[in-house]
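Report on the structure given below.
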Amino acid sequence: MTTIERVKPQTEIAVAIVDTDVHPMPVSADVLKSYAPAEWVDKIWPTGNAVSPVPYFYDTPDSYKTMSLRVDATPPGGGFAGTDPDYAAKQLLVDSGVGIATLEPMCDAQLPQAEHVLKSTYNDWLADVWLDKNNAHGRWRGSISVSAQVPELAAREIQRWAGHPYMAQVLMTPQTRGIPFGNPHFDPLYEAASANGFPVATHLMGQTPFELIPVYPVGNPAHWHDFFASWPLLYVSHLMSLVFDGAFDRHPDLRVVFVEGGFTWAMPVMWRMDRIWEARRADLPHVRRRPSEYVREHVRFTTQPLEDADVRQFREYLEMMDLGDNLMFSTDYPHWSYDAPAYAINRFPAAHRERIMRGNATALYGLPATVKALPGEQPAGAVSFD
Amino acid sequence: MLQRRFVCTLDELPPGAMKLVDVGKFGVGVYNVRGSLHAIVNYCSHEGAPLCLGYVGGTNEADPDAPDGLRRTRDGQIVRCPWHNWEFDVTTGCNVADPQRRIRTYQVDVSDGEVYVTA
Amino acid sequence: MIVDTNVQPHFRSNAEIRDYLPQAHRLRAIPDVEQQWYQAPGGDYRRDLYGEHYPGSDPETVARHLFDDLRVQYAILNPLARGNIADYLLNSRICAAVNDWLLDRWLEPDNTGRFRGTIRVNPEDPRGAVAEIERLAGHPKLVQVGVPMQSREPYGKPVFEPIWEAAAAHGLPVAVHINGGNGVDYAPTFAGHAHTYPGYAAFMPLNYFVHLATLIVEGVFGRHPGLKFVFADGGYDILTPLMWRLDTFWLSMRDQTPWVDRYPSEYLPAHVRFCSSAFDGPTDAGQTQRWMEFSGKADLLMYGSSYPHWSTSTPDVAASGLDAEQRDKVLWHNASELYGLAAKGLAEKETAS
């Protein structure tokens, strides 16, 4: 075993890596329900049901045995991966060099009011368990989950958390039942987010019991493999709508984060939007700037899952794309498709690494440059960007 | 530096079992595959996951005559990476999909009912 | 030499198609042309082509524009069928009427020998589609089968396989082209309807990737080594990032679909081609040559004007920024190989592939 210098607790260390996609889960349904209004408990989690249904419209690798979680992320004290803040801290913060991580719980409900209450419940649980009781080190950040179905209520929920020291962003589903992100339907939500300095992040809310997998224009694939390769076209659709429907013109302070949907598609999409905008300016009087400029100013992408293409080609592609200011490293801990920081760093052009691993997220979320070290943690210098 | 190391007694490693040996940076997993012994590094060549924590079983191959187009094969010798589910054949160290992707394998021998790995 | 792989010939009038319908269907209502949800404001076609004839409806005019003005050697005609029709059997008769009209009006009278055509079929009626391919595949001037982009199911699904099998058996590529002629026209983006024409036009061609991914993962390309698909609306820049995803996660998913026995991108050279479009390519011309090497696109792309569409692009624009070898491939060589087109009047050494 190699000797690694360990810092003493209570030391401040420099943040080297910000992880912009970590998934916490309540340790039990009962714990989550304890945060819900009493009159809603039976509506959202009906006691008349025999089971809590687990959906599997598509079968990810090994989902039957592992529930799509890393086998080695199961807490030693029991429970599912991602339910124990201390074990997550050990695996991410102590062992993997992550300085600060953004937490993104996954949840949704079919009926709008119920979804609003469910998301609020998650916010109360997250704020209590992860951002307060288990955040003495101050290294967890949270997401304000809101329902895309009821933007007015979402705006109120955002307002409720304004000023919270550890809530870093708003989180909504991209599975918006046929309403693209640029639609004025979302304006109250965007206004509240922008006014309070919260970026709006979006993340596929998994496979739901009521199947909100996007309905593809030409029909859906039968296997997870081809579904997985093509579903980022949902993000492409939303991005094109944000630009062409003028959302960024209506909301100049809005920042949107596309989480876990890849990012290499952004380059061809910027080209296409720019070309069509040039050819059809008259159709878009409300779009004042070149589309790719909106992307550079308003949009961020998290990096997981990274494609395992030839590393030199991949780095060359990223240099061509020139979105070194728009990418933010993420692991997707504790899911099976986790990207390890050491693997990821090597994939990026050297000149982009610091920004992708730390700088862009720090700027977007207003994060500190140093944090309290945890017992047994390596100093930040152990993580090399060269 | 390669060293012949004691793993366990053969009784402690029946067919289907795996013993993790603390050697090197990541460890080595010694497998009993239907009576023959094999060892692989506990490190996936993709992103460095602890490979030997993965499920060991068989895999599927194409069978055009079957109604679902596939059949089970290579039972007991395929380990699935606990992260991205890459399949590696422990008897060869080769990735099932792309055999050019490999993980390191080690010699295992049995002497007087004792299992040794050279790692 | 220049081959234009994407030209849409049009009827002179709505009624013209009725001359080609069988008696049994003479009293049926046929949708008019220009039946699509997202028409371009100001018209779908080039403004200068609205005149004496409906745009793209006069063979002499089209021949003059392509063969004389742009020095195109061959033009592949891929007509639109009539949009959104529920009766799949009638839809197949409409496709057959379009095919007979194409032969009668464009291909048979063509003394230049420069027009080639497409056998339009209706994938919602697989039996009818196979029968139509069998009926017309022998005609020397029909060089491909044509289906719409729009579909209820992606083209890798088993219901369609007999159609692709028939096409491949006759050595005919299958061209996929946006056309609401398939009885269905779902919302064009993954997030619903577009509220602007550019929002529609920017996204719609990208739907080809779902067809492509399913043709690979369902094993259709694996089972039909001679099958080729042409995605005629462009959108090939996004091929690289999405194929990288398909390749990377093949290693994770192979055991669910083990008939996929190679990296998905390895199917591209033998099975996939694209027509160029005005909306594709780097906006920085300096990146164009290098960009063509990603995913081997230099061997996959074929110049297509989209004449008489408002976005009609000329060969020079399509080849802009390419090096000499890439230019040759895109402007004629790839198409010449795919469609078996010999150079007319050129010395033998110039046509060696």
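Annotations
- Residue match in region B:45-67 (condition: among the hydroxyl-bearing types (Ser, Thr, Tyr), more than 11 Å from chain A (Cβ to nearest Cβ) and either out of contact with any helix residue (DSSP H, G or I) (no Cβ under 8 Å at 6 or more places or on another chain) or closer than 26 Å to residue A:346 by Cβ (or both)): no
- Residue that is nearest to the chain's Cα centre (by Cα), among those in region C:75-102 that are aliphatic (A, V, I, L, M) and over 16 Å from residue C:57 (Cβ atoms): C:76
- For region A:213-227, taking the residues that are part of a helix (DSSP H, G or I) and surrounded by fewer than 24 Cβ atoms within 10 Å (Cβ to Cβ), the one that is nearest to the other protein chains (Cβ to nearest Cβ) is identified as A:224.
- Residue A:206 vs. criteria free of Cβ contacts under 8 Å to residues at least 60 places away in the same chain, part of a loop (DSSP other than H, G, I, E, B) and small (Gly, Ala, Ser): no
- When residues of region A:341-374 are limited to those that are surrounded by 19 or more Cβ atoms within 10 Å (Cβ to Cβ) and of a type in the set (Gly, Ala, Ser), the one farthest from residue A:168 (Cα to Cα): A:344
- Only helices (runs of 4 or more DSSP H) whose full extent lies in region C:190-265 are considered here, and the ones with at least 1 residues that are surrounded by 24 or more Cβ atoms within 10 Å (Cβ to Cβ) and at the interface with another protein chain (Cβ under 7 Å from one of its Cβ atoms) are C:197-203, C:208-217, C:239-253.
- Checking each residue of region A:342-358 against the condition of being modelled with pLDDT of 95 or more, within 14 Å of chain C (Cβ to nearest Cβ), farther than 30 Å from residue C:311 by Cβ and within 16 Å of the chain's Cα centre (by Cα) gives no match.
- Test for residue C:65: is it more than 24 Å from residue C:185 (Cβ to Cβ), surrounded by 13 or more Cβ atoms within 10 Å (Cβ to Cβ) and at pLDDT below 95: no
- Residue that is at pLDDT 95 or above, closer than 26 Å to residue C:199 by Cβ, among the small types (Gly, Ala, Ser) and in contact with a Phe, Trp or Tyr (Cβ under 9 Å, 6 or more places away or on another chain), where the choices are C:336, C:265, C:276: C:276
- All positions within region B:35-75 that are assigned to a loop (DSSP other than H, G, I, E, B) and touching a Pro at 6+ places or on another chain (Cβ under 9 Å): B:35, B:42, B:43, B:44, B:49, B:50, B:54, B:55, B:63, B:69
- Just one of the listed residues (B:73, B:92) is under 10 Å from the mean Cα position of the chain (by Cα) and of a type in the set (Ser, Thr, Tyr), namely B:92.
- Residues (within 7 Å of chain A (Cβ to nearest Cβ) and not hydrophobic (A, V, I, L, M, F, W, C)) located in region C:176-189: C:186, C:188, C:189
- Test: residue in region B:89-110 that is touching a residue at least 24 places away in the same chain (Cβ under 8 Å), within 13 Å of chain A (Cβ to nearest Cβ) and over 21 Å from residue C:262 (Cα atoms): no
- Subset of region A:271-311 (residues that are more than 8 Å from chain C (Cβ to nearest Cβ) and either part of a helix (DSSP H, G or I) or on the phi > 0 side of the Ramachandran plot (or both)): A:278, A:281, A:291, A:293, A:294, A:295, A:296, A:297, A:298, A:311
- Meets criteria (facing chain C (nearest Cβ under 7 Å) and either over 28 Å from residue C:150 (Cα atoms) or at pLDDT 95 or above (or both)) for residue A:194: no
The values are calculated or read from the model by the stated rules, or taken from the named source; none is laboratory data. The structure displayed is predicted, hence computed values, not measured ones. Cβ atoms come from the backbone with ideal geometry, glycine included; neighbour counts cover every protein chain shown.
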